[in-house]
Amino acid sequence: MLRYILKRLISLGLSLIAASVLIFVAIEIIPGDAAAYMLGINASPEAVAALREQIGLNQSDFTRYFDWATGMLRGDFGISYTYRVPVADMISNRLWVSLPLAMYALFLSTLIAFPIGIIAASKRGSVADWMVMGGTQLGVAIPNFWFAMLMVQLLAIKYQFFTAGGFPGWDNFWLGMKALTLPAFVLALPQASILARVMRSALLDTLTEDFMRTARAKGRTRRGALVHHALRNAMIPVLTIIGLQFSFLLAGAIIIEKIFFLPGLGSLILTAISQRDLIVVESVVMLLVFAVIVVTFVVDITYALVDPRLRRRV
Amino acid sequence: MKRIFLGASVLALTASMAMAQSTHINIGDQLEPPHLDPTAGAAGAIDNVVYANIYEGLTRFSADGDVIAGLAESWDISEDGLTYTFNLRSGVKYHDGSDMTASDVVYSLNRARAEDSTNAQKGLFAGIADVTAADDTTVVVTLTSENGGFLFNMAWGDAIILNEGDDVEALKSQPNGTGAFTFTNWVQGDSINLARNENYWGTPAILETVTIKYISDPTAAFAAMMAGDIDAFPTFPAPENLPQFDADPRFTVIIGSTEGETILATNNKMPPFDNPLVRKALSHAIDRSAIIDGAMFGYGTPIGSHFAPHNPAYIDLTGESNYDPELARALLAEAGYPDGFTTTLKLPPPTYARRGGEIIAAQLRAVGIETEVTNLEWGSWLEEVFRGYDFGLTIVSHTEPMDFGVYADPEYYFQYDSAEYQALMEELTAETDPDRRIALMQDAQRMMAADDVNVYLFQLAKTGVANKNIVGLWENSPTQATDLTAVYWSE
């Protein structure tokens, strides 16, 4: 097990180095200059040159990559070209929105998906199953930005249960949660639909296994066998999907963040690109790569926890 | 239990918000500023927060565009027009408690015109030869030559007076000015909060607290106004929603003018646009009213040169370039392009450019000019079009006040190189007699129109939406600003 983890850690490190080079090169190719963007169309060329010098844009590409990459090892992502504040602070502020939002959405998604997935599997072919299958089909098909606007129209403009967007900060925990509820729900719905369907088919797959027959034979009820024996065995595909969904929710909420004007990582990266604040773009992308790699790593480890057979094999 | 608690706290909060409404305002703006130092960036979003609210200069713009006294109570101009003696107000304090004195003025002006200055409007300070403090409340500015626009220049957001000794890097996230509002905090990506300055030297603000919220998406901005999360959106991003606000008794729609001359800029040095006949043909090929109606939903005033219609020196020259596709085709034939030609049309992100671009492409096609339309982000636009001169045509709104001086710079992106115009600008700068200045500015307009430097489309409208009980917002935009010092709730 320990050797397995060590091997995974080394490949994790190598992936990160490769990703950092790739990200830096890809992003530096974008035409445009942060200094010119900041000073606008009436600026004198000398002022732009002075600003380039001031924010360190005149150093060679190699020096900038090296400073950025080694800085990251110390947790120092450098200074934003446009905002002139440490990138690490900017990212951590945004993470306090994006991370809770992703976790909230994932929580809602599992909360919805588990029961309906189990009901559909246990009553296969029933009206309930039919409704779950139909409903989740719809949930996957509806574009979430459209659903988000619909929710805003209904719950924020018509009934005013929620604000139309924005984030008041965590000073008041309940207000913070309330502001994230609608976006989290909108994000969760398609994820829950996918998860419920995976849950259902994974459960159905295990229903035909020998150990299920044994469980029934020793007197377990149909539902009892499902919950105690089939569920645990169905967890591997479900965990894989949850892992993928978390990475997706953390990185992929850009449009939803824009609709609800939330100050998250997605909106940060969007403004940073248009302002040519490349160091911020690079750092956020790097962070997301890191998050995806770590989540995959954690999911791999949990496989072993859920399934003792995997533990023995490694 | 939890639900009850949540319900109760929300209820309590709504109640406190209702009570606080008469002294608090939520302002919406589309673009968040990169930082809050107007002396180190061109972003209009910076001035939308700090101009008049947090920072003040020697002079300032009033709501109708006049230059009025700011931190300088009065001034004397010497006989030869070269020496300005500013008498500063006494008892003015910065938000951190330190006194504003003549040395702060000397420091601020010298910093802006220094060799390594990163001021986006460095040109405003170009004519200053020397700045000295005669005593604590008197500043003497000497110019190299007469400059009739000097007091106007000092009213810009780029010419505000900073506190000498403040760390300018720190000011970017923690501004320290003399204005009627103090900076409270900035939730990056979300909002900026201001509070009333209780020690303000002048008439104190009526509002106690201000929140400026950033909503980049027009649909989200609409939803936020409708849901009552935002009280006023001084520059609402989607003109198509304005009739809907107008019909809603909760809102007032405020339509004014900005300093934004929106032009179809032409690469004057690139064939075939180096031919005056081709540029004249362009001017006659474009139907301004179709663009204003189609792209701006009717908001905007046609212009015939690079000059704002609300300025007293304005003359209407739209007739010089009336819509006449027949004439345009004839001019093209005369220039040697009877079958037209193909060129590029590069569009920056704003709505006026993207929507206007489609209409212009269609109008040009009608006279035989094919355009390859490319959409660019600002960063790429600055690189390719503005600095790289790699374009045939582009659409952009020049939002700085009285910025027709850029036509005297042959390196400026549309590369108009006219010795006559350059001489005219020199004459204008040296002229201090108001009537003579107006005459010269009118000459400049005629010259820009006659040479068809660019196709002058329309003056960008300021399209604002506000709760009907809010009073005191600027109708026009003589400079980029959201001056909240006189804003209040009528009930």
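Of the strands (runs of 3 or more DSSP E) entirely within the stretch B:55-126, those holding at least 1 residues that are open to solvent by 40 Å² or more (accessible area, probe 1.4 Å) and under 18 Å from residue B:175 (Cβ atoms) occupy B:59-61. If we keep just the residues of the stretch B:138-157 that are part of a helix (DSSP H, G or I) and open to solvent by less than 10 Å² (accessible area, probe 1.4 Å), which is nearest to residue B:401 (Cα to Cα)? Per the criteria, the residue is B:157.
Among the residues of this structure, residue A:192 does not count as one that is open to solvent by less than 70 Å² (accessible area, probe 1.4 Å), modelled with pLDDT under 90 and away from chain B (no Cβ under 14 Å). For the stretch A:285-308, does any single residue satisfy the condition of being surrounded by 18 or more Cβ atoms within 10 Å (Cβ to Cβ), within 14 Å of chain B (Cβ to nearest Cβ) and within 30 Å of residue A:32 (Cα to Cα)? No, the stretch A:285-308 contains no residue that is surrounded by 18 or more Cβ atoms within 10 Å (Cβ to Cβ), within 14 Å of chain B (Cβ to nearest Cβ) and within 30 Å of residue A:32 (Cα to Cα).
Condition check for residue A:66 on (1) of a type in the set (Phe, Trp, Tyr); (2) over 17 Å from residue B:34 (Cβ atoms); (3) within 12 Å of chain B (Cβ to nearest Cβ): one failure, at (3). Filtering the stretch B:326-380 down to residues that are more than 26 Å from residue B:461 (Cβ to Cβ) and within 14 Å of another protein chain (Cβ to nearest Cβ), which residue is modelled with the highest pLDDT? If we take residues in the stretch B:326-380 being more than 26 Å from residue B:461 (Cβ to Cβ) and within 14 Å of another protein chain (Cβ to nearest Cβ), then B:374 is modelled with the highest pLDDT.
The set of residues from the stretch A:143-156 being closer than 10 Å to residue A:189 by Cα and either open to solvent by less than 30 Å² (accessible area, probe 1.4 Å) or modelled with pLDDT of 90 or more (or both) comprises just one member, A:147. Looking only at the stretch A:213-234, residues that are surrounded by fewer than 19 Cβ atoms within 10 Å (Cβ to Cβ) and in a helix (DSSP H, G or I) come to 11 in all.
Quick grid of which residues meet (1) crowded, with 21+ Cβ neighbours inside 10 Å; (2) out of contact with any Ser or Thr (no Cβ under 8 Å at 6 or more places or on another chain); (3) not in a strand (DSSP E or B):
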{"residue": "B:391", "(1), (2), (3)": "yes, no, yes"}
{"residue": "B:411", "(1), (2), (3)": "no, yes, yes"}
{"residue": "B:426", "(1), (2), (3)": "no, yes, yes"}
{"residue": "B:458", "(1), (2), (3)": "yes, no, no"}
{"residue": "B:466", "(1), (2), (3)": "yes, no, no"}
{"residue": "B:475", "(1), (2), (3)": "no, yes, yes"}
{"residue": "B:479", "(1), (2), (3)": "yes, yes, yes"}
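Select from the stretch B:406-417 the residues that are facing chain A (nearest Cβ under 9 Å) and within 20 Å of the chain's Cα centre (by Cα) and write down the one among them that is farthest from residue A:36 (Cα to Cα). Only one residue tops the list, namely B:406. The one condition from (1) farther than 14 Å from residue A:187 by Cβ; (2) surrounded by 15 or more Cβ atoms within 10 Å (Cβ to Cβ); (3) in contact (Cβ under 8 Å) with a residue 24 or more places away in the chain that residue A:138 does not meet is (2).
Against the criterion of being within 14 Å of another protein chain (Cβ to nearest Cβ), among the charged types (D, E, K, R) and either free of Cβ contacts under 8 Å to residues at least 60 places away in the same chain or over 21 Å from residue B:233 (Cα atoms) (or both), residue B:96 does not qualify. Residues in the stretch B:161-193 that are assigned to a strand (DSSP E or B) and out of contact with any Pro (no Cβ under 7 Å at 6 or more places or on another chain): B:181, B:182, B:184, B:185, B:186, B:191, B:192, B:193. Is it the case, given these coordinates, that residue B:384 is within 12 Å of chain A (Cβ to nearest Cβ) and open to solvent by 40 Å² or more (accessible area, probe 1.4 Å)? The answer is yes for residue B:384. Please go through the stretch A:25-77 and pick out each residue that is assigned to a helix (DSSP H, G or I), surrounded by 14 or more Cβ atoms within 10 Å (Cβ to Cβ) and of a type in the set (Val, Ile, Thr). Result: A:27, A:41, A:48. Of the helices (runs of 4 or more DSSP H) lying entirely inside the stretch A:82-168, those containing at least 2 residues that are touching a Phe, Trp or Tyr at 6+ places or on another chain (Cβ under 8 Å) span A:87-122, A:144-151.
Applying the set (1) of a type outside the set (Ser, Thr, Tyr); (2) crowded, with 20+ Cβ neighbours inside 10 Å; (3) on the phi < 0 side of the Ramachandran plot to residue B:373 leaves exactly one unmet item: (2). Would you check if residue A:98 is under 29 Å from residue B:191 (Cβ atoms), among the polar types (S, T, N, Q) and out of contact with any Lys or Arg (no Cβ under 7 Å at 6 or more places or on another chain)? Spelling it out, residue A:98 is indeed under 29 Å from residue B:191 (Cβ atoms), among the polar types (S, T, N, Q) and out of contact with any Lys or Arg (no Cβ under 7 Å at 6 or more places or on another chain).
Rundown of residues vs (1) hydroxyl-bearing (Ser, Thr, Tyr); (2) in contact with a strand residue (DSSP E or B) (Cβ under 6 Å, 6 or more places away or on another chain); (3) on the phi > 0 side of the Ramachandran plot, yes/no style:
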residue: B:74; (1), (2), (3): yes, yes, no
residue: B:83; (1), (2), (3): yes, yes, no
residue: B:115; (1), (2), (3): no, no, no
residue: B:119; (1), (2), (3): no, no, no
residue: B:122; (1), (2), (3): no, no, no
residue: B:137; (1), (2), (3): yes, yes, no
residue: B:155; (1), (2), (3): no, yes, no
residue: B:160; (1), (2), (3): no, yes, no
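From the set of residues in the stretch A:81-134 that are farther than 30 Å from residue A:173 by Cα and either assigned by TED's automatic domain parsing to the domain that holds residue A:49 or of a type in the set (D, E, K, R) (or both), which is nearest to the chain's Cα centre (by Cα)? Per the stated criteria, the residue is A:129. Summed over the stretch B:184-213, the residues that are open to solvent by 10 Å² or more (accessible area, probe 1.4 Å), within 13 Å of chain A (Cβ to nearest Cβ) and of a type outside the set (A, V, I, L, M, F, W, C) give a count of 7. Checking each residue in the stretch B:194-233 for being among the polar types (S, T, N, Q) and in a loop (DSSP other than H, G, I, E, B) picks out B:197, B:199, B:203, B:216. Within the stretch B:189-245, the residues that satisfy the criterion of being among the hydroxyl-bearing types (Ser, Thr, Tyr) and touching a residue at least 40 places away in the same chain (Cβ under 8 Å) are B:203, B:209, B:211, B:214, B:216, B:235.
Restricting the stretch A:249-265 to residues that are modelled with pLDDT of 85 or more and surrounded by fewer than 23 Cβ atoms within 10 Å (Cβ to Cβ), the residue that is farthest from the other protein chains (Cβ to nearest Cβ) is A:255.
Residue-by-condition table, conditions (1) at pLDDT 95 or above; (2) of a type in the set (S, T, N, Q):
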| position | (1), (2) |
| --- | --- |
| B:31 | no, no |
| B:35 | no, no |
| B:39 | no, yes |
| B:52 | no, no |
| B:67 | no, no |
| B:95 | yes, no |
| B:115 | no, no |
| B:119 | no, yes |
| B:126 | no, no |
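Residues in the stretch B:234-258 that are part of a loop (DSSP other than H, G, I, E, B) and either among the small types (Gly, Ala, Ser) or under 24 Å from residue B:61 (Cβ atoms) (or both) were compared, and the one that is nearest to the other protein chains (Cβ to nearest Cβ) is B:237.
The values are calculated or read from the model by the stated rules, or taken from the named source; none is laboratory data. The structure presented is a predicted model; accordingly, all values stated were derived computationally and were not measured. All Cβ positions, even for glycine, are placed from backbone atoms using ideal geometry, and neighbour counts span all protein chains on display. Calculation scope for accessible area: heavy atoms of the full protein, side chains included, ligands and nucleic acids excluded. Shrake-Rupley method; radii C 1.70, N 1.55, O 1.52, S 1.80 Å.
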